[in-house]
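Participant: Next up is a structure, given as structure tokens.
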């Protein structure tokens, strides 16, 4: 992020626009919405600028900017459409301590003016660092459609009531009060009874919040999916945004954690293979501690919480402590990995079932019904199978598996750094090592990417035809 987005207080401060051109008019339409004292310098001014000056919305000085004219100015805009003149204006503005923007010249500007969605006092600013103005306009249009025109009224009345709401304790109680106002009561009262009824509705909400007994803490056991935040369910997003405390596994993607509130306490309770790890009992105790204090907790588990996520142990601990919880399922990594290689996990005529298998259990490498995995057409998705690859290979070959059984490894499924490697059972450990697959990865036994499977089926059909002839 090159440009850090901030909102500058322009109340009663000077803003100078140099160049009374049509380009300047476009900037002034935004600047005049502020409480700044606006001065425009320029010869032969645009008729709209003259009109604004006649209405006392700005001061018009019909000459170029000179040294000292920008004293005490907060912002100076160069909009003369002359690069040499704009460079001179920038030098004069900076000499007086002002921030300078030269229209359509990102490199020589100290700041940029974003696209704005105005629901005063609510303002949405959209910037693309000058890379895609068309995209900024599209995002602006989307926000214009989605943000009610009444939003500014709700925010203005809410702002006037903030001193009353400060009687509520900081944190969840106060957030719940404002959420009820903005999400439900406020819009409904405004639509049915008008603006005059909003203060009364806020008083009623405040009375309810003051007299309501403290809400107990609770835990949401959330499937954070394989990594792509767009694969989160809507409910998972909402619970994550509302949480006071976020407790997450090491494999939960940073892009998912970005969806949490900035004020939330975020704690990683990672388990690192052959490294330092949180004990499950400590994780349980952490959830109980925060929930017992009334916090709402989002416990994020990579993939789906019920798939090799030690979910039962956490539910048992919460039950024992009398803490309410709910489970929000997520897209497990095997599903995302299968989507990445464009195959279905079951297919008529090939396999009627699929096994989800872990490469490890509490005792080490996990034993399974290996013979069932050697049946032609059998399909299995191995979690935590990279370190167990040679063990899996040995067990399957020992029980009669075809050495040419296809195996596909999908590392970091759905993430930008996703890697797909196809091999065979015989070459599995060596291929993973040479490809640098370290995990997290899903190993598909009996599956190849769609293109490879289509090619193999075509070759098989041709072979069968030749044999028939």
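Participant: With the condition kept exactly as written, say whether any residue in the stretch 348-365 is crowded, with 18+ Cβ neighbours inside 10 Å, at pLDDT 90 or above and touching a helix residue (DSSP H, G or I) at 6+ places or on another chain (Cβ under 7 Å).
Facilitator: Among the residues of the stretch 348-365, not one is crowded, with 18+ Cβ neighbours inside 10 Å, at pLDDT 90 or above and touching a helix residue (DSSP H, G or I) at 6+ places or on another chain (Cβ under 7 Å), which makes the answer no.
Participant: For residue 399, work out the one condition from (1) in contact with a strand residue (DSSP E or B) (Cβ under 9 Å, 6 or more places away or on another chain); (2) under 15 Å from residue 376 (Cβ atoms) it doesn't fulfil.
Facilitator: For residue 399, the exception is condition (1).
Participant: Here is a further query. Which residue, of 54, 42, is farther than 28 Å from residue 122 by Cα and in contact with a strand residue (DSSP E or B) (Cβ under 7 Å, 6 or more places away or on another chain)?
Facilitator: Values: 54 fails: in contact with a strand residue (DSSP E or B) (Cβ under 7 Å, 6 or more places away or on another chain).
Result: 42 is the single residue among 54, 42 that is farther than 28 Å from residue 122 by Cα and in contact with a strand residue (DSSP E or B) (Cβ under 7 Å, 6 or more places away or on another chain).
Participant: Continuing with this model, one more query. If you go through the stretch 178-192 one residue at a time, do you hit one that is more than 30 Å from residue 71 (Cα to Cα), assigned by TED's automatic domain parsing to the domain that holds residue 204, touching a residue at least 40 places away in the same chain (Cβ under 8 Å) and assigned to a loop (DSSP other than H, G, I, E, B)?
Facilitator: No, the stretch 178-192 has no match at all.
This table checks each residue for (1) over 30 Å from residue 317 (Cβ atoms); (2) assigned to a strand (DSSP E or B); (3) not assigned by TED's automatic domain parsing to the domain that holds residue 315.
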residue: 139; (1), (2), (3): yes, no, yes
residue: 155; (1), (2), (3): yes, no, yes
residue: 170; (1), (2), (3): no, no, yes
residue: 204; (1), (2), (3): yes, no, yes
residue: 237; (1), (2), (3): no, no, no
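Residue-wise test of (1) outside the structural domain of residue 357 (by TED's automatic domain parsing); (2) within 22 Å of residue 230 (Cα to Cα); (3) modelled with pLDDT of 95 or more.
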| residue | (1), (2), (3) |
| --- | --- |
| 253 | yes, yes, no |
| 263 | yes, no, no |
| 273 | yes, no, no |
| 276 | yes, no, no |
| 293 | yes, no, no |
| 300 | yes, yes, yes |
| 304 | yes, yes, yes |
| 344 | no, yes, no |
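Participant: If residue 411 passes every condition in (1) in contact with a helix residue (DSSP H, G or I) (Cβ under 9 Å, 6 or more places away or on another chain); (2) modelled with pLDDT under 95; (3) under 21 Å from residue 440 (Cβ atoms) but one, which one does it miss?
Facilitator: Unmet condition: (2).
The values are calculated or read from the model by the stated rules, or taken from the named source; none is laboratory data. Just so it is clear, the structure is predicted and the values come from calculations on it, not from any experiment. Cβ: placed from backbone, ideal geometry, glycine included. Neighbour counts: every protein chain shown.
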